[in-house]
Every structure is written in C-alpha cells, then in structure tokens.
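Below is one structure, written out as structure tokens; the observations come after it.
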Amino acid sequence: MIEVSELTVRFGGVTPLDGMSVRFERGTCGLIGPNGAGKTTFFNVLSGFVKPVAGQITAYGEDLLKMAHYRRARWGVRRTFQTEQAIEELSVYDNVAMIHEHSKVTGSSRREDVLGAIEFVKLDVDPNAKVGTLGQAERRLVEVARAVVGKPRLVLLDEPAAGLPDEETGVLSDVIQAIPQHMGALVILVDHDMSLVSSCCEMTAVLDFGRLIASGPTAEVLRDERVMRAYLGTEEVIA
C-alpha cells in the first residue's frame with residue numbers, strides 16, 4: 001500500500017532520514033524508535049511539510065512526492081501531532097468539521113460524517129461542547145476524530161497515547177484497531193507505548209538515527225537484538 005524507497009532528508013549537516021526503504025501493508029502498522037530517530041520527520045515528508053533530497057514514496061500506486069502538499073489532504077492524508085492541534089475555543093463538532101471541509105467527500109453528508117467520526121472514536125460528550133472544557137483523554141480522541149473524518153486513505157498517528165493512563169490507552173487501542181476496517185484506511189502508528197504498538201500493529205518498522213534497522217511482524221521485531229540495543233542504548237547499531 002505504501003512503498004518507501006531510499007528516502008533521505010537532510011537539514012544542513014543533519015540527516016534525520018538516511019536511505020529509508022520500507023513497505024507498509026494494509027491495516028495498522030507501527031513505526032518506532034528512540035527519540036530523534038526520524039519518525040516525525042517521516043510523517044512530515046508524507047504530509048508534505050518536508051521535502052526529501054532523495055527517494056520515492058508510492059501510495060496506493062501514486063507518486064506521493066509529486067503531489068502538491070495542499071492536495072494531499074483531499075487525496076486522503078490525515079495525521080495527528082505530538083502537540084494538540086484542536087482549537088480550544090471551537091466546539092468538538094466544528095473542530096472535526098473544519099477537517100472534513102478539506103476532504104473529497106461531498107457536502108451533502110457533512111453533518112452525518114462529522115457526527116459519525118465523533119461517535120466512532122467513542123467520544124461520549126456533547127458535540128457542541130468546546131474542546132477547551134474537555135479532559136486530556138477526550139481531547140486526544142478529538143484529534144483522532146479529526147484524523148478519520150472524510151474517508152481518509154492514510155492516517156498518521158504521532159504519539160496519540162502520550163500522557164494517557166492505561167485505562168484510556170485501552171479505549172484508544174480499540175479505536176485505532178477499528179480504523180482500517182471501518183474507514184478503509186492504512187494507519188501508521190508512532191508511539192513509545194510498546195503495549196499499544198503490540199496490540200494494534202501486525203507489522204512494525206524501526207528507525208534509529210534515521211536508518212531502518214528492522215521491519216516485519218511486530219512480535220518478531222520487538223525481540224530483535226538490534227531493536228533492543230537501540231532502545232537500551234548499549235551499543236551503536238549498524239544497519
């Protein structure tokens with residue numbers, strides 16, 4: 001579904017992505033690695049915020065890098081960020097609706113789609129409630145609702161469970177696992193919570209210092225010695 005080939009990004013003398021090649025299949029895929037490994041940079045490339053110096057990304061058979069960044073939302077790229085993007089002064093409904101406006105779905109089903117996204121993420125609040133009045137877990141679900149509204153094709157979740165207690169992470173896990181089946185989208189999940197990654201992702205890729213060091217079934221990847229060394233920092237990992 002998503003084929004990445006020799007993707008390289010440089011910022012001056014820094015190379016946050018160095019020849020990354022990986023294939024993300026259908027369903028929910030994990031992308032993990034230590035802080036600074038290049039995970040968010042990869043999301044920024046997919047979103048169009050960062051232009052690579054080399055490489056190719058084929059998404060659903062289309063060359064994503066040749067697509068103007070402002071067209072990718074309508075094509076179906078959605079994402080969450082490490083920092084909350086929902087506008088606190090607006091209602092839950094309006095926050096989700098403003099993302100729906102940039103989708104390819106016709107306006108006739110807008111209200112139904114927006115309310116459906118809110119219900120899908122199990123957000124049990126009044127849609128007219130302002131986001132600023134919600135708790136942290138509820139605001140996280142608003143972010144996910146914004147990412148799944150309007151028939152997305154690629155959903156990028158950047159640390160959606162950060163700061164959440166185990167009980168709330170369990171709810172989030174159920175929502176993430178349901179996205180491919182109910183939305184028909186490919187999901188790439190970045191998170192440091194390995195229990196969340198294990199429960200959601202059949203396949204996981206691992207970055208370290210911008211290089212791919214492992215990729216495959218999640219359980220096998222998490223047992224890989226190179227992955228454990230990268231996380232424990234016991235020695236330099238050479239891909």
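Taken over segment 98-136, residues that are assigned to a loop (DSSP other than H, G, I, E, B) and charged (D, E, K, R) amount to 5. In the set (1) touching a His at 6+ places or on another chain (Cβ under 9 Å); (2) under 26 Å from Asp193 (Cβ atoms), Val9 fails one condition alone, (1).
I'm checking my understanding of the structure. Among residues of segment 53-97 that are of a type in the set (Asp, Glu) and either more than 30 Å from Asp124 (Cβ to Cβ) or free of Cβ contacts under 8 Å to residues at least 24 places away in the same chain (or both), which one is surrounded by the most Cβ atoms within 10 Å (Cβ to Cβ)?
Kept after step one, since they are of a type in the set (Asp, Glu), are these residues of segment 53-97: 62-63, 84, 88-89, 94.
Now restrict to residues that are either more than 30 Å from Asp124 (Cβ to Cβ) or free of Cβ contacts under 8 Å to residues at least 24 places away in the same chain (or both): 62-63, 94.
On the way: Glu62: 12, Asp63: 10, Asp94: 16.
Among them, the one singled out is Asp94.
If Leu7 passes every condition in (1) aliphatic (A, V, I, L, M); (2) surrounded by 19 or more Cβ atoms within 10 Å (Cβ to Cβ); (3) within 30 Å of Gly163 (Cα to Cα) but one, which one does it miss? All conditions are met except number (3). Within segment 98-115, restricting attention to residues that are without any contact (Cβ under 8 Å) to a residue 24 or more places away in the chain and small (Gly, Ala, Ser), the residue that is farthest from Val155 (Cα to Cα) is Ser108. Of the strands (runs of 3 or more DSSP E) lying entirely inside segment 1-96, those carrying at least 1 residues that are among the aromatic types (Phe, Trp, Tyr) are 2-11, 14-24.
We did not get these values from a lab; they are worked out from the coordinates using the rules stated. Not measured: the values here are computed from a predicted model. Every residue, glycine as well, gets a Cβ built from its backbone with ideal geometry; the counts of neighbours run over all protein chains shown.
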